[in-house]
1. Do we find a residue being assigned to a strand (DSSP E or B), touching a residue at least 12 places away in the same chain (Cβ under 8 Å) and closer than 30 Å to Gly166 by Cα anywhere in segment 94-104?
2. Residue by residue through segment 300-326, note down the ones that are assigned to a loop (DSSP other than H, G, I, E, B) and either crowded, with 24+ Cβ neighbours inside 10 Å or among the acidic types (Asp, Glu) (or both).
3. When segment 289-322 is examined, which residues are found to be β-branched (Val, Ile, Thr) and free of Cβ contacts under 8 Å to residues at least 40 places away in the same chain?
4. Which one of these is touching a Lys or Arg at 6+ places or on another chain (Cβ under 9 Å), in a loop (DSSP other than H, G, I, E, B) and β-branched (Val, Ile, Thr): Thr288, Thr294?
5. Could you give every pair whose Cβ atoms fall below 9 Å, whose first residue belongs to segment 136-163 and is closer than 19 Å to Gly258 by Cα, and whose second residue is part of a helix (DSSP H, G or I) and modelled with pLDDT under 95, counting only separations of at least 6 or pairs across chains?
6. Go through segment 1-36 and report how many residues are among the hydroxyl-bearing types (Ser, Thr, Tyr) and either outside any loop (DSSP other than H, G, I, E, B) or modelled with pLDDT of 90 or more (or both).
7. Kindly indicate whether Arg283 is under 20 Å from Lys341 (Cβ atoms), of a type in the set (D, E, K, R) and within 16 Å of the chain's Cα centre (by Cα).
8. I need a count of the residues in segment 213-228 that are under 14 Å from Ser181 (Cβ atoms), in a loop (DSSP other than H, G, I, E, B) and either of a type in the set (S, T, N, Q) or free of Cβ contacts under 8 Å to residues at least 40 places away in the same chain (or both).
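The values are calculated or read from the model by the stated rules, or taken from the named source; none is laboratory data. From a predicted model like this one, the values you see are computed outputs, not experimental measurements. A quick note on method: Cβ atoms are made from the backbone with ideal geometry, for glycine too, and the neighbour counts reach across all protein chains shown.
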Amino acid sequence: MTAPDTAHPAGWPDADRILAGVRPPAFPAVDFPITAYGAVEANAGPGIAAAVAACHAAGGGRVVVPPGRWHTTGIRLLSYVDLHVSEGATLLFSTDPADYLPLVETRYEGLDLLNHAPMIYARGCTDIAITGTGTLDGQGSWDSWWQWFNECDDEFRTLREQSWYGVPLEDRVRGTRLRSSFVQPYDCTNVLIEGVTVVRSPFWQIHPVLCRNVTIRDLVIDSQGPNNDGIDLESCRSVVVSGCVIDAGDDCIALKSGREADGLRVGVPTEDVLIENCELRVRYGAITLGSDLTGGVRNVYVRNCRIGGPYFALYIKTNAVRGGFVENVYLRDITVSDVLKEVVQCNFHRGEGEAGPLTPSVRNVELRGVKVEHARNALLLRGYRHARIEDFRLVDCAFTVDQPSTVQHAVLSFDDVTVNGRPVKDVHQIR
């Protein structure tokens, strides 16, 4: 154990910089109702596409989906367009893969490929939004998209090999059983996703990739399909996530930056992220960094959140195959009612462990004011002998747990920390 480290500032003034710098886009006060462009409930796709095109051509505004149950194919957003899903409106997305052609450039678990388009997709756009209090329904089930979870192993293995060997994008596997995300702005600037409810996602639910200046707020996300992460921020910069309630079939909020050779080639970290006032429920990590972490994650601030039900509150996933770095991660004023495993897991030995060429780096992680009503363990921290987890700090934290923690090859410090009501002064007292 080391003494509490006072060399690092609290870090939170940098969170205020992020909050001040991220501004949602504004749109002209002009509405383009989809019904004015031929949309009917049984087949709204062509009318939505026509309204989006007209809105974009006119310099921007709102494409309005009125109350009703609107069956649609994939939606491609364009710059200056706010897709507004009104109260009482539900967009029901087709389960026919042919409705998501032509193929587009996207990512599948951190690897670049041409694949079926996400249900709502934008590429290279400026000033786009999805707003309103209506519902986005991907109609995912084990009779449609979710069954692909059990059918994609060979295609994913081929894609990983193509990534390692540097196969150009246009020659890569075009996964007939690799699911696309639900909502994906790709290489976009000034993005707002606000207010809507997201259900029955085919795969990852909100998945910005290579985006800048992103605001995600007041969403209700409830999809329990396999690998149904709630919000995945991949190689994004300057992001605020606030006021969201997430029940996910996998991680609630995951920060990623590409995987293996593609992560090294693109080399864009996720950085400058503020997450606040969220309620994070099931299933795996509430806040997860990785496992597609090769490009790195830095400057992450999480405050005033409630966590209950997942396996981990903070889950940092990497190893010597994924590599990457995690630095400057701050959690403050977090209430944890229950986690099924560790409050924090950071284990370099997960998955392939040391059997890879990339050395992960994790440093400067602080939990401050975290109150845990119940967990199996407080911590599982396992670095490598040659690459320790550096400068991991607990300040003003209280844990109620069933079992001791595991700490190996990690530099850990304590300041006003209790476990089961007893003060912790030494690393051996938390084991």
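1. As a first pass, look at segment 94-104 and keep what is assigned to a strand (DSSP E or B): 104.
Among the residues that remain, those that are also touching a residue at least 12 places away in the same chain (Cβ under 8 Å) are: 104.
Now restrict to residues that are closer than 30 Å to Gly166 by Cα: 104.
For segment 94-104, residues assigned to a strand (DSSP E or B), touching a residue at least 12 places away in the same chain (Cβ under 8 Å) and closer than 30 Å to Gly166 by Cα: present.
2. Here is the first cut: in segment 300-326, the ones assigned to a loop (DSSP other than H, G, I, E, B) are 309-311, 317-324.
Residues satisfying the conditions are Pro310, Lys317, Thr318, Asn319, Arg322, Gly324.
3. Let us first name the residues in segment 289-322 that are β-branched (Val, Ile, Thr), namely 294, 297, 300, 302, 307, 316, 318, 321.
Scanning segment 289-322 gives Val302, Ile307.
4. Details: Thr288 fails: in a loop (DSSP other than H, G, I, E, B).
Answer to the check: Thr294.
5. Once the first residue is closer than 19 Å to Gly258 by Cα and sits in segment 136-163, its partners that are part of a helix (DSSP H, G or I) and modelled with pLDDT under 95 give Gln162/Asp171.
6. Kept after step one, since they are among the hydroxyl-bearing types (Ser, Thr, Tyr), are these residues of segment 1-36: 2, 6, 35.
Next, only the ones that are either outside any loop (DSSP other than H, G, I, E, B) or modelled with pLDDT of 90 or more (or both) stay: 35.
Looking only at that region, the number is 1.
7. Working: under 20 Å from Lys341 (Cβ atoms): yes; of a type in the set (D, E, K, R): yes; within 16 Å of the chain's Cα centre (by Cα): yes.
Yes, satisfied.
8. Here the count works out to 2.
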